Amino acid sequence: MIQTHQLSVHYPNTEALALSDVTLSFSKGEFVCVLGKSGAGKSTLIRCLNGLQQPTSGKVLVNEKSLSDLSGAELREVRRSSGMIFQHFNLIPRLSVMQNVLTGSFGYRSSLKNLTGVFSKQEISQARGILKEVGLLDFEKRKVEKLSGGQKQRVGIARALMQDPSVLLGDEPVASLDPGTADQIFQLITRMHASLGLLTIINVHDVQLARQYADRIIALKDGQVVFDGEPDQFTQKEYDLTYA
Ligand SMILES: Nc1ncnc2c1ncn2[C@@H]1O[C@H](COP(=O)(O)OP(=O)(O)OP(=O)(O)O)[C@@H](O)[C@H]1O
Ligand SMILES: [Mg+2]
């Protein structure tokens, strides 16, 4: 579904490569957690996978097509098919829960329609259905700024699902939440992952969460893959190697 071939990223005015020769293959249905200490390249990898970051060399293939060869409608289609959730939620605080979720459908609408902010009955009922799934049905009129962190991330997940994605990407989506709430969010992601048959790739600092929820762990160190395997195989030795 997604492949990277010898992917490298070199940011301007830096010495080391942020990603170095990363070759990976991801399939539909996999729940992958990416581990690695700060600066290991986790965010850079995730951003390459949905075309937010251009590789310096190598390539990213989505459904066998290189992202760098795509433009216009094809690129929009790839972007639309990957929903993204973020550590700081990236919501619009002064808008309601419903309005935030509806922005997830922007990729399917004309720019003019998006400017008017008018949504169809069908879009609103789809958003309601998703809000129910994420446990926020009674919150649709509430302003996002009045929600707790866990609730905000539920809105973030709902917005991503509104894109009707085949891939769910997360850049440390639970790093700002307390451990209990983080666990609940992982449970929700796991449920959505399974019911929608997604490919899910989540960056996470918490090794326990990765071991508990992922069916594949990838560990990065200094921009390179130092582990790629089943959670059970990520033992103390691999931990020490990754976090040394
Ligand atoms: N926009 C940028 N310009 C220059 N260097 C960058 C930029 N973004 C990231 N880097 C560098 O690239 C390397 C990888 O960064 P990245 O953000 O991908 O790591 P990370 O694993 O996500 O870290 P964290 O856990 O702190 O989020 C780091 O050395 C970082 O300083
Ligand atoms: Mg990061």
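Set side by side, the residues 52, 17 differ, and just one is within 12 Å of ligand 1 (Cβ to nearest atom), at pLDDT below 95 and either crowded, with 18+ Cβ neighbours inside 10 Å or more than 21 Å from residue 210 (Cβ to Cβ) (or both), which is 52.
Sort out for me the strands (runs of 3 or more DSSP E) sitting completely within the range 158-228 that have 1 or more residues that are of a type outside the set (Phe, Trp, Tyr) and under 21 Å from residue 133 (Cα atoms). Spell out the reasoning first.
On the way: elements: 167-171, 199-203, 216-221.
Where strands (runs of 3 or more DSSP E) fall fully within the range 158-228 and carry at least 1 residues being of a type outside the set (Phe, Trp, Tyr) and under 21 Å from residue 133 (Cα atoms), they are 167-171, 199-203.
Among the candidates 61, 75, 45, 67, which residue alone is more than 16 Å from ligand 1 (Cβ to nearest atom), surrounded by 14 or more Cβ atoms within 10 Å (Cβ to Cβ) and either more than 15 Å from residue 3 (Cα to Cα) or within 15 Å of the chain's Cα centre (by Cα) (or both)? Spell out how you get there, then give the answer.
Numbers: 61 fails: either more than 15 Å from residue 3 (Cα to Cα) or within 15 Å of the chain's Cα centre (by Cα) (or both); 45 fails: more than 16 Å from ligand 1 (Cβ to nearest atom); 67 fails: either more than 15 Å from residue 3 (Cα to Cα) or within 15 Å of the chain's Cα centre (by Cα) (or both).
Of the residues listed, the single one that is more than 16 Å from ligand 1 (Cβ to nearest atom), surrounded by 14 or more Cβ atoms within 10 Å (Cβ to Cβ) and either more than 15 Å from residue 3 (Cα to Cα) or within 15 Å of the chain's Cα centre (by Cα) (or both) is 75.
Of all residues in the range 110-132, none are modelled with pLDDT of 95 or more, closer than 23 Å to residue 169 by Cβ and not in a helix (DSSP H, G or I).
Counting just the residues of the range 155-194 that are of a type in the set (Ser, Thr, Tyr) and in contact (Cβ under 8 Å) with a residue 40 or more places away in the chain, which one comes out nearest to ligand 1 (Cβ to nearest atom)? Steps first, please.
Within the range 155-194, the first condition is being of a type in the set (Ser, Thr, Tyr), and the residues that meet it are 166, 176, 181, 190.
The next check asks that each one be in contact (Cβ under 8 Å) with a residue 40 or more places away in the chain; those that pass are 166, 176, 190.
Values: 166: 24, 176: 12, 190: 22 Å.
Here the residue is 176.
Filtering the range 93-109 to residues that are at pLDDT 75 or above and among the hydroxyl-bearing types (Ser, Thr, Tyr) leaves 96, 103, 105. Among the residues of the range 85-103, is there at least one that is surrounded by fewer than 18 Cβ atoms within 10 Å (Cβ to Cβ), closer than 30 Å to residue 211 by Cα, of a type outside the set (Phe, Trp, Tyr) and in contact (Cβ under 8 Å) with a residue 12 or more places away in the chain? Yes, the conditions are met somewhere in the range 85-103. Within the range 190-217, work out how many residues are out of contact with any Leu (no Cβ under 7 Å at 6 or more places or on another chain) and among the aliphatic types (A, V, I, L, M). Residues in the range 190-217 being out of contact with any Leu (no Cβ under 7 Å at 6 or more places or on another chain) and among the aliphatic types (A, V, I, L, M): 6 in total. From the list 13, 114, 90, 100, the one residue that fits, being closer than 30 Å to residue 195 by Cβ and out of contact with any Gly (no Cβ under 9 Å at 6 or more places or on another chain), is 114. Out of 214, 219, one residue alone is within 15 Å of ligand 1 (Cβ to nearest atom) and small (Gly, Ala, Ser). It is 219.
Here residue 101 meets each of (1) of a type in the set (A, V, I, L, M, F, W, C); (2) in a helix (DSSP H, G or I); (3) over 17 Å from the mean Cα position of the chain (by Cα) with one exception, condition (3). Contact map, the range 135-154: residues that are under 14 Å from residue 98 (Cβ atoms) paired with residues that are of a type in the set (Lys, Arg), Cβ distance under 8 Å, separation 6+ or inter-chain. Pairs shown: 136/154; 137/128; 140/128; 143/94; 144/94; 144/152.
The values are calculated or read from the model by the stated rules, or taken from the named source; none is laboratory data. If you're wondering where the values come from, they're calculated on a predicted model, not measured in any experiment. No Cβ is skipped: glycine too gets one built from the backbone with ideal geometry, and neighbour counts run over all protein chains shown.
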